[in-house]
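Novice: Mind looking over this structure? Questions follow.
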Amino acid sequence: MTVTPVLSAQSIRRAYPLAGRSVEAVRGLSLDVMAGEWVAVVGPSGCGKSTLLNLLGAIDRPTAGRIVIAGRDVSALGDAEATRFRLTGVGFVFQRFYLMPTLTAAENVELPMAEARMPRAARSARARELLAYVGLDGRAEHRPFQLSGGEQQRVAIARALANRPALLLADEPTGELDARTGAEMIALLDRLNHDGTTIVTVTHDEELAQAARRVVHMRDGVIVDDVVRRPLEATA
Amino acid sequence: MPPAPRPLLAGLLAGVLLLPTFRPASVSAQVSTPAAPRTIAIDERLAAAAGLAVGDTVRLAATAGSPGDLVRIAAITRRGADPSEVARNEFKVRLHLDHLQSLTGSGDRVGRFAVRSRGAPSGDAAAPDRVAAAINQSAFGFRAYPASAVAVETSSTFRVVNRFHRAIGVITIVASAIFLLCITLLKVDERRRDVGALRLIGCARATVLRAIVLEATLVALIGSILGAALGWAASAIVNWYYQGVYQTPLRFTLVTPGIVGFAVALSLVLGVVSGILAGRRLVRTAPLELVGR
């Protein structure tokens, strides 16, 4: 039986013009991620990790190569299609949370669902369900400034899951958190993965990388090491 | 016992039946006559300045030093809202025509009187002109003007002032529009990280632009309503103060429904335009650039 990957990146490149010449941040990188995997991309600063994540999430477009996510080629999407794909195809968790400061936690979670035209009652119920899942059922009406960093990141995770994406992309999700809150975040991501969410994280956090099933090491825009720490079958 | 007569000085005399006819230099108190005093009306500015009230008895003379008459104040009149009289530091006394003539010794001489035509078909705008022309054909030593011509002549100064005010208003509006546009651009630009985050999580450009324009419109609407309320309050204070200073019912500033409507409409247009300009600038920027990466 052939297993189709949720994410398949083939020979992708991303070059930026810099001081009159072209600098490649990602150089012919290929990566397949299966459904249910949790991949941590690690490497030194400037190795192309965040560029890779932006390409996978249709925030940026590769200058060469092809990226297919959930059967859809996202490497050649126009702006409107890429925006729509970010809304429904992938979920993003950012290092700095990027919550809307004027909205409550529940409203922040509802935001992508409202944009996807989900009926009000359905999205409200889904937001409550997601906030309960991330352990914030009592904080739904709080605004971001009333929440701790860890709580804000939980809201951001709930928001990322709102439209049931095929893939969760997280860019340094523990980068702004202290050690204890970071450990709680890792536990939450682990639970998400155990419940079936496919996750790709970019991180400098060694503990987060150790918690992932698979660790991909990058250097100078290419993958130099790819270690499966916990195969899917082992924890199924 | 009736109160003692008090001296009275007036700068302007007016007949009750005709328009102002005679302007003596002064009216001064003199010895009273045994006859029952005639009645006069004074304006409230004179009443306030001289401390007079209805029922007071005063002496009224055409010139200082002349005997004059003992008169009783029968009424205190309120001045009309005439801009041309505001700055004049004059008092007005109204008395019966025959009394005025005898007091001044001027017989039936008048300087100006009004003729009201009747019987002209309604809507016949040329009737006053025809009447004035007919009078002027047989006039000797005077000339008749239609009321509209008099109004145009007396209001020409105020038309110039009005145009001057309108020019100041236009300059203020243009400056305010530029200021509002700059403020909106700055305030929207402060939200670039939020806009970037919205774009990153998949909100369409149109959604973000709509939200920015809606917010700018609401701010403009609320601001214009508050501004109109503030303007109305300021206008009330200005009117209260200067009506007291000049003892006149004239309204120095006006906040009419038309002005409020214009202000709100203009504010809304400016809000929508500045929201569109500021929003378009942001949504055209790459989301990663907006969030500073």
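Novice: For residues in the range B:81-117 being charged (D, E, K, R) and at pLDDT below 70, which is surrounded by the fewest Cβ atoms within 10 Å (Cβ to Cβ)? Outline the logic, then answer.
Specialist: Let us first name the residues in the range B:81-117 that are charged (D, E, K, R), namely B:82, B:85, B:88, B:90, B:92, B:94, B:98, B:108-109, B:112, B:116.
Retained after the next criterion (residues that are at pLDDT below 70): B:108-109.
On the way: B:Asp108: 8, B:Arg109: 10.
Ranking the qualifying residues of the range B:81-117, first place goes to B:Asp108.
Novice: Go over the candidates B:Val219, B:Val264 one by one and state the one that is of a type in the set (A, V, I, L, M, F, W, C), in contact with a helix residue (DSSP H, G or I) (Cβ under 9 Å, 6 or more places away or on another chain) and buried (at least 18 other Cβ atoms within 10 Å of the Cβ).
Specialist: Working: B:Val264 fails: buried (at least 18 other Cβ atoms within 10 Å of the Cβ).
Within the list B:Val219, B:Val264, the selection yields B:Val219.
Novice: Ok, one more. Among the candidates A:Glu81, A:Glu184, A:Glu115, A:Glu110, which residue alone is within 27 Å of A:His204 (Cα to Cα) and acidic (Asp, Glu)? Write out each step before concluding.
Specialist: Values: A:Glu81 fails: within 27 Å of A:His204 (Cα to Cα); A:Glu115 fails: within 27 Å of A:His204 (Cα to Cα); A:Glu110 fails: within 27 Å of A:His204 (Cα to Cα).
Sole residue among the options that is within 27 Å of A:His204 (Cα to Cα) and acidic (Asp, Glu): A:Glu184.
Novice: Specify which of the listed residues (A:Leu31, A:Leu7, A:Leu18, A:Leu52) is within 14 Å of another protein chain (Cβ to nearest Cβ) and either within 18 Å of the chain's Cα centre (by Cα) or more than 17 Å from A:Ala76 (Cα to Cα) (or both).
Specialist: Exactly one of A:Leu31, A:Leu7, A:Leu18, A:Leu52 is within 14 Å of another protein chain (Cβ to nearest Cβ) and either within 18 Å of the chain's Cα centre (by Cα) or more than 17 Å from A:Ala76 (Cα to Cα) (or both), namely A:Leu52.
Novice: Counting residues that are among the hydrophobic types (A, V, I, L, M, F, W, C), which helices (runs of 4 or more DSSP H) fully inside the range A:164-236 reach at least 3?
Specialist: Numbers: elements: A:179-194, A:206-211, A:232-235.
Output list reads A:179-194, A:206-211.
Novice: In addition: Going through the range A:108-125 one residue at a time, which ones are crowded, with 20+ Cβ neighbours inside 10 Å and either away from chain B (no Cβ under 13 Å) or modelled with pLDDT under 95 (or both)? Working first, answer last.
Specialist: Start the filter on the range A:108-125 by keeping residues that are crowded, with 20+ Cβ neighbours inside 10 Å, which leaves A:108-113, A:115, A:123.
A:Arg123, the sole residue that qualifies.
Novice: Here are some residues: B:Gly271, B:Gly244. Which one is assigned by TED's automatic domain parsing to the domain that holds B:Gly169, touching a Ser or Thr at 6+ places or on another chain (Cβ under 7 Å) and modelled with pLDDT under 90? Walk me through how you get there before you give the answer.
Specialist: Values: B:Gly244 fails: touching a Ser or Thr at 6+ places or on another chain (Cβ under 7 Å).
Exactly one of B:Gly271, B:Gly244 is assigned by TED's automatic domain parsing to the domain that holds B:Gly169, touching a Ser or Thr at 6+ places or on another chain (Cβ under 7 Å) and modelled with pLDDT under 90, namely B:Gly271.
Novice: State all residues of the range A:71-99 that are surrounded by 19 or more Cβ atoms within 10 Å (Cβ to Cβ) and either within 8 Å of another protein chain (Cβ to nearest Cβ) or of a type in the set (Asp, Glu) (or both); if no residue qualifies, say none.
Specialist: Correct list: A:Thr83, A:Phe85, A:Arg86, A:Leu87, A:Phe92, A:Phe94, A:Tyr98, A:Leu99.
Novice: Take the residues in the range A:167-181 that are surrounded by fewer than 21 Cβ atoms within 10 Å (Cβ to Cβ) and more than 21 Å from A:Thr51 (Cβ to Cβ), then tell me which one is nearest to the chain's Cα centre (by Cα).
Specialist: Of everything passing the filter in the range A:167-181, A:Thr181 is nearest to the chain's Cα centre (by Cα).
Novice: Now, a different point. Read through the list (1) more than 14 Å from chain B (Cβ to nearest Cβ); (2) surrounded by fewer than 21 Cβ atoms within 10 Å (Cβ to Cβ); (3) touching a Lys or Arg at 6+ places or on another chain (Cβ under 9 Å), then give the number of the only condition that A:Thr102 fails.
Specialist: (1)
Per-residue answers, yes or no, for (1) buried (at least 17 other Cβ atoms within 10 Å of the Cβ); (2) in a strand (DSSP E or B); (3) outside the structural domain of A:Asn193 (by TED's automatic domain parsing):
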| residue | (1), (2), (3) |
| --- | --- |
| A:Tyr16 | no, yes, no |
| A:Val23 | no, yes, no |
| A:Gly36 | yes, no, no |
| A:Val41 | yes, yes, no |
| A:Gly46 | no, no, no |
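Novice: Another question, then. Name, by its number, the condition in (1) at positive phi; (2) surrounded by fewer than 16 Cβ atoms within 10 Å (Cβ to Cβ); (3) not in a strand (DSSP E or B) that does not hold for A:Ser11.
Specialist: (3)
Novice: Go through A:Asp32, A:Asp60, A:Asp73 for me and flag whichever is acidic (Asp, Glu) and free of Cβ contacts under 8 Å to residues at least 12 places away in the same chain. Steps first, please.
Specialist: Values: A:Asp32 fails: free of Cβ contacts under 8 Å to residues at least 12 places away in the same chain; A:Asp60 fails: free of Cβ contacts under 8 Å to residues at least 12 places away in the same chain.
Just one listed residue meets the conditions, A:Asp73.
Conditions tested, residue by residue: (1) assigned by TED's automatic domain parsing to the domain that holds B:Arg280; (2) surrounded by 10 or more Cβ atoms within 10 Å (Cβ to Cβ); (3) not β-branched (Val, Ile, Thr).
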{"position": "B:Phe140", "(1), (2), (3)": "no, no, yes"}
{"position": "B:Tyr145", "(1), (2), (3)": "no, yes, yes"}
{"position": "B:Val150", "(1), (2), (3)": "no, yes, no"}
{"position": "B:Thr154", "(1), (2), (3)": "no, yes, no"}
{"position": "B:Ser176", "(1), (2), (3)": "yes, yes, yes"}
{"position": "B:Phe179", "(1), (2), (3)": "yes, yes, yes"}
{"position": "B:Thr184", "(1), (2), (3)": "yes, yes, no"}
{"position": "B:Val188", "(1), (2), (3)": "yes, yes, no"}
{"position": "B:Asp194", "(1), (2), (3)": "yes, yes, yes"}
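Novice: Check A:Leu131, A:Leu177, A:Leu188 and return the single one that is at pLDDT 95 or above and out of contact with any His (no Cβ under 7 Å at 6 or more places or on another chain). Give the steps one after another, and end with the answer.
Specialist: Details: A:Leu177 fails: at pLDDT 95 or above; A:Leu188 fails: at pLDDT 95 or above.
The match here is A:Leu131.
Novice: Oh, and also: Restricting attention to the range A:169-210, which residues are in contact (Cβ under 8 Å) with a residue 60 or more places away in the chain and of a type in the set (Gly, Ala, Ser)?
Specialist: Those that are in contact (Cβ under 8 Å) with a residue 60 or more places away in the chain and of a type in the set (Gly, Ala, Ser): A:Ala170, A:Gly175, A:Gly196, A:Ala209.
Novice: Here's a follow-up. I need the full set of residues from the range B:158-202 which are away from chain A (no Cβ under 13 Å) and among the acidic types (Asp, Glu), in order please.
Specialist: So in the range B:158-202, the residues away from chain A (no Cβ under 13 Å) come out as B:158-189.
Hit for the range B:158-202 is B:Asp189, nothing else.
Novice: Checking A:Arg143 against (1) out of contact with any Asp or Glu (no Cβ under 8 Å at 6 or more places or on another chain); (2) under 21 Å from A:Ala170 (Cβ atoms), which single condition isn't satisfied?
Specialist: A:Arg143 satisfies all of (1) out of contact with any Asp or Glu (no Cβ under 8 Å at 6 or more places or on another chain); (2) under 21 Å from A:Ala170 (Cβ atoms) except (2).
The values are calculated or read from the model by the stated rules, or taken from the named source; none is laboratory data. Since we're looking at a predicted model, the values are computed, not measured. Neighbour counts are summed over all protein chains in view; Cβ atoms, including those assigned to glycine, are modelled from backbone coordinates with ideal geometry.
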